[in-house]
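Scroll down for the structure; my scribbles are underneath it.
The values are calculated or read from the model by the stated rules, or taken from the named source; none is laboratory data. Since we're looking at a predicted model, the values are computed, not measured. As a convention, Cβ positions derive from the backbone with ideal geometry for all residues, glycine included, and neighbour counts pool all protein chains shown. We work out accessible area using only protein heavy atoms, side chains counted, and drop any ligands, DNA or RNA first. Shrake-Rupley method; radii C 1.70, N 1.55, O 1.52, S 1.80 Å.
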Amino acid sequence: MTIAANTVPAARPARRDPALAEVARKVERGERLTAADGALLFATTDIHEVCRLADMVRRRLHGNAVFYNVNRHLNYSNICALSCKFCAFHRKKDQDGAYEHGLEDIRAEARKARESGATEMHIVGGLHPWLPFSYYTDMLRAIREEAPAVHIKAFTAVEIVHLQRISKRGGEGYEGVKAVLKDLIEAGLGSLPGGGAEVFDDRVHDEAFKGKIRSDQWLDVHRAAHELGINSNATMLYGHIEERSERLHHMELLRTQQDHTLAAWAKAQGIPVAADGAVVLTGPAELYPHERLPMPGSRGLTTGYFQTIIPLPFFPNASELEYLPGPTGLENLRTLAVARLMLDNFPHVKAFWIMQTLPMAQLELQAGADDIDGTVVWYDITKAVGEGNHQETSVGDLVRAIREAGGTAVERDTLYRRVVREGASWRVG
Ligand code: V47
């Protein structure tokens, strides 16, 4: 049977959306985008142009390099005083599936991390109602003893505030947060992961994760960590009950805090700081006389900073918001690309393959992402359908995904220093 030509939809040539012309001009010149620009990037049907711009920015910052690491995630307990609606991980003490790992289990995990050549342990858990503060400092010390070279990235800002409450160190406010962080750093904490940020919006907070700290406290914990000289990341959980405008607001709050954090470093580097304080790192090369990206030990850098934004697509399975569909592939691609374009002072954008899936993360490497996270091994917070918590990928699979996307795979440590492997051992190059 032949199909009449007029019954087949004509393949339409891709057309640039003229509404994006001004945004494109700004990105090409290295000018900061406004929330209105972000709204255009979210509204356009020209997803290819959005990805092209984000990819251009990624190349300016990192050339062909795409980062991965050899890591292990550890969720020490899923027992949590909170019951966030989006979360399928939390359990009450006597509920089916509730668990907490003792220090011996954690020691064993640290030994496995060392033996498998991991450079990082990423550790988070629920807000456990009665584990004492000493459990957390003992955990860090035990890992330090078993695996001295492994970087410990642990505890979301929400956990830090919980630890401040249970430890009663340094009082209630900002100084208390700093006192707790100091104790944890002294016990072996190397940096903070980006979790627990969700979406910085009071309406969404009250509907979906009431009881959790609000945006100002989350940002304060990271500011305190930076003041104490350690780096951190930031996440954004999207595709549930939030609006796209709320995602843009989230990004703006992160960007403003990072402007303050990087101001002194930018001045020391001769990087232009705009009248409103904007430190844009994503413009063309000629704007950057010295180092374009902050790195540990950079001239003029006296604090830590946000390294990476990690957009996390909402997984509805088994959560109280299970009736929601979750974001589509295009929404994932677009949100990550918009994050790359709006967060012009964040060095890195991570496509966390566990939550994005490896095929989706690979596409995102052509839409602004320069990092795909690591080998992971065990992961309890979200689970791929039909699988348990063993969610491991090999370095070979990560490298193949990166190469196929046109990148040069670069193994990094937690602070984005290059890792050199010699036989079974590794060092920072
Ligand atoms: O804080 C919880 C999110 C986060 C769901 O810093 C959910 O390098 C989707 O923060 N659907 C933990 N997301 C993960 C995280 C992270 C991951 C990878 C790297 C880094 C980093 C940080 O997962 C939680 C919460 O925001 N989450 N439930 C869910 N149903």
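Remarks
- Dipole magnitude (debye, nearest 20) for the range 33-419, charges at Cβ of Lys, Arg, Asp, Glu: 760 debye
- Segment V420-Y99, length gained on full extension (0.36 nm per residue, minus Cα span): 111.9 nm
- Shown here is the pair-distance distribution of the range 239-320: with all Cα-Cα distances grouped in 10 Å bins from zero up to the longest one, the shares run 15, 40, 25, 14, 6, 0 percent.
- Extension gain for the segment M295 to E145, taken as residue separation times 0.36 nm less the Cα-Cα distance, is 51.3 nm to one decimal.
- Once the Cβ-Cβ distance of D206 and A21 is raised to the sixth power relative to R0 = 51 Å, the FRET efficiency obtained is 0.85.
- Two-site label geometry, D138 and K85: point separation in nm, points 7 Å out along Cα→Cβ: 3.9 nm
- Cysteine residues of the chain whose Cβ has no partner cysteine Cβ closer than 4.7 Å: C51, C80.
- Over the range 1-148, the pair-distance histogram of Cα-Cα distances with 5 Å bins from zero comes to 2, 7, 11, 10, 8, 8, 8, 9, 11, 11, 6, 4, 2, 1, 1, 0 percent, rounded to whole numbers.
- Lysine pairs in the chain whose alpha-carbon atoms fall under 22 angstrom of each other, counting only those eight or more residues apart or on distinct chains, come to 21.
- Between helix 157-167 and the chain there is an angle of about 20 degrees, using the helix long axis and the longest principal axis of the Cα atoms.
- Carbon-plus-sulfur accessible fraction, the chain (probe radius 1.4 Å, protein heavy atoms only): 54%.
- For the range 310-382, GluC sites (Glu not before Pro) meeting the loop criterion (DSSP other than H, G, I, E, B) and having at most 14 other Cβ atoms within 10 Å: E320, E322.
- Where both bridge residues fall in the range 33-419, DSSP classifies roughly 10% of the beta bridges as antiparallel.
- For the chain, the solvent-accessible area of protein heavy atoms averages 42 Å² per residue (probe radius 1.4 Å; ligands and nucleic acids excluded).
- Temperature 4 °C, viscosity 1.567 mPa s: under these conditions the Stokes-Einstein estimate for the chain, based on its Kirkwood radius over C-alpha pairs, is 58 µm² per second.
- Shown is the FRET efficiency for R29 and S245, computed with R0 = 41 Å from the Cβ-Cβ distance and rounded to the nearest 0.05: 0.95.
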